[in-house]
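In what follows, a single structure is set out as structure tokens and then discussed.
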Amino acid sequence: MIIAVGTDLVDVVRLQDRLARHPALAARLLTARERELCGARAESLAARVAAKEAVLKALGSALEAAGHEVPGGWRMSDIEVVSRPGSPPRLEVTGVVARAAAQLGAARWHLSLAHDAGLAQAFVVAESD
């Protein structure tokens, strides 16, 4: 059963400019594995940031609808987009985000990423068993 959906859109150039002005921001937004996998490909980095925001939107709205308090203390690194060559990207959640997902019964995440015309988009679906 679908528990929640979320989507987000990131302006690639705007993110690239912010990362250039604030080098420490990359480590706050992206895991070491994501930074290594994407390198300097701004579109891929932006799609991953969009995925993280989409997860947080999905969880926040579902928790609120279920009458639960939205927890604080989450970190963007609690959400990771992982992929292998020839495989679609997938989500791994840990920490506060994983606990919030478990509270809702979210057992699986579905993820779609896209980028075109300077924008990166992510769409996520949280599903229960």
Positive-pole candidate from 51, 25, 76, dipole of the chain, charges at beta carbon: 25
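Two decimals is fine: what's Rg over Rh for the stretch 47-90, C-alpha atoms, Kirkwood radius as Rh? Walk me through the numbers on the way to the answer.
Details: Rg = 12.7 Å, Rh = 11.8 Å.
With Rg and the Kirkwood Rh in hand, the quotient comes to 1.08.
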Heavy-atom accessible area order for 1, 76, largest first, 1.4 Å probe: 1, 76
Could you state how much accessible area residue 119 has, in square angstrom rounded to the nearest 10, with a 1.4 Å probe and all protein chains kept in place? 70 Å²
In debye, nearest 20, what is the charge dipole magnitude of the chain about its Cα centre with +1 on Lys and Arg Cβ and -1 on Asp and Glu Cβ, if you could check? 380 debye
Cα-based Rg of the chain normalised by 2.2 N^0.38 Å, two decimals: 1.02
Given Cβ charges of +1 for Lys and Arg and -1 for Asp and Glu, the option among 5, 88, 109 whose Cα lies farthest towards the positive end of the dipole of the chain is 88
Short to long, in 5 Å steps from zero, the percent of alpha-carbon pairs of the stretch 20-62 per bin is 5, 22, 28, 22, 13, 7, 3
Under the helix-only model (-39500 (n - 2.57) for each DSSP H run of 4 or more, divided by the residues of the chain), the mean residue ellipticity at 222 nm, to 500 deg cm²/dmol, is -13000 deg cm²/dmol
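The values are calculated or read from the model by the stated rules, or taken from the named source; none is laboratory data. If you're wondering where the values come from, they're calculated on a predicted model, not measured in any experiment. With ideal geometry, Cβ positions are generated from the backbone for all residues, glycine too; neighbour counts draw on all protein chains shown. Side chains included, ligands, DNA and RNA excluded: accessible areas come from the protein's heavy atoms. Shrake-Rupley method; radii C 1.70, N 1.55, O 1.52, S 1.80 Å.
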